[in-house]
Amino acid sequence: MVLPAPMRLRGHRCFNRLHRRGRRLDGEHMVLRVVQAEPRLLNPVLQRWERQAPESCRCRCGVVISNKVSKRSVVRNKLRRRLHEHLRRRLEQAAEQGDQWLLISLRPGVQLLEAPLLEECDRLLKNAGLLP
């Protein structure tokens with residue numbers, strides 16, 4: 001079974017680690033948090049996959065979009081899927097990002113225009129050292 005990289009980050013322990021120990025990079029529309037991966041916090045099935053995954057596929061990402069961004073779940077989920085796909089494409093292109101966990105949180109009241117969000121996402125990834 002081939003799983004796409006980066007995979008979605010799941011589990012409250014992973015998100016707690018990102019909030020407590022993650023390096024925070026602020027943008028106008030979003031906040032990016034980056035922390036060294038801690039596979040022991042994943043559930044056992046995902047831990048097994050982490051050990052077997054190629055080096056280029058070990059980056060996991062989470063995207064948080066609150067009700068304050070949009071009250072409609074359809075809009076939030078569409079934006080979340082677009083950001084996950086963008087992260088997957090960008091981090092696959094990066095030569096060596098290492099074992100990292102990323103969390104992107106959109107700020108309340110953000111305009112839901114896709115192009116500026118993706119540009120800011122790239123800028124934050126470059127500032128974090130994940131893109132050349």
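The values are calculated or read from the model by the stated rules, or taken from the named source; none is laboratory data. Keep in mind that what you see is a predicted model, and the values were worked out from it rather than measured. Heads up, the Cβs are rebuilt from the backbone with ideal geometry, glycines too, and the neighbour counts pull from every protein chain shown. Note: areas computed on protein heavy atoms with side chains; ligands, DNA, RNA excluded. Shrake-Rupley method; radii C 1.70, N 1.55, O 1.52, S 1.80 Å.
Got a sec? Which of ARG23, ARG72 is open to solvent by 20 Å² or more (accessible area, probe 1.4 Å), at pLDDT 90 or above and farther than 20 Å from CYS121 by Cα?
From the options ARG23, ARG72, the qualifying one is ARG72.
Mind telling me which of the residues GLU92, GLU119, GLU85 ends up being assigned to a helix (DSSP H, G or I) and touching a residue at least 60 places away in the same chain (Cβ under 8 Å)?
Step by step, each of GLU92, GLU119, GLU85 is checked, and only GLU92 is assigned to a helix (DSSP H, G or I) and touching a residue at least 60 places away in the same chain (Cβ under 8 Å).
What are the residues in the stretch 81-132 that are open to solvent by less than 50 Å² (accessible area, probe 1.4 Å) and charged (D, E, K, R), if any?
Listed by number, the residues that qualify are ASP99, GLU120, ASP122.
So VAL63 ticks every box in (1) in a loop (DSSP other than H, G, I, E, B); (2) hydrophobic (A, V, I, L, M, F, W, C); (3) at pLDDT 90 or above but one. Which box is left unticked?
Against the list (1) in a loop (DSSP other than H, G, I, E, B); (2) hydrophobic (A, V, I, L, M, F, W, C); (3) at pLDDT 90 or above, VAL63 comes up short only on (1).
Counting just the residues of the stretch 87-125 that are closer than 15 Å to LEU32 by Cβ and touching a Pro at 6+ places or on another chain (Cβ under 8 Å), which one comes out modelled with the lowest pLDDT?
This residue is ALA94.
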